[in-house]
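The values are calculated or read from the model by the stated rules, or taken from the named source; none is laboratory data. Predicted model, so just to flag it, every value in this text is computed and none were measured. Cβ: placed from backbone, ideal geometry, glycine included. Neighbour counts: every protein chain shown.
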Amino acid sequence: MKNNNANTGHNLLTPGQTAEQLNIPVSTLSRWRSERRELPYVTVGRLIRYRQVDIDRWIDDNTINPIE
């Protein structure tokens, strides 16, 4: 069976990869998870993963455009 994750935007990233993309500490992601705020995440057994599509959406939702 072929893996179509790349085509669906469901690439799963580790907390470290996600933190690197957002330029924030991994501990911030951990705190957000414990407070159930900010980024949605996926559990794979005991592992935590973030979907690239959710990260991109979060960035878009938190982008502030100055008034021109």
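For the range 7-45, the set of residues classified as assigned to a helix (DSSP H, G or I), under 14 Å from residue 56 (Cβ atoms) and either aliphatic (A, V, I, L, M) or at pLDDT 95 or above (or both) consists of 17, 18, 21, 22, listed by residue number.
For beta carbons closer than 7 Å, sequence separation of 6+ or different chains, a first residue in the range 35-63 that is on the phi > 0 side of the Ramachandran plot and of a type outside the set (Lys, Arg) and a second that is assigned to a loop (DSSP other than H, G, I, E, B) and exposed (fewer than 13 other Cβ atoms within 10 Å of the Cβ), there are no qualifying pairs.
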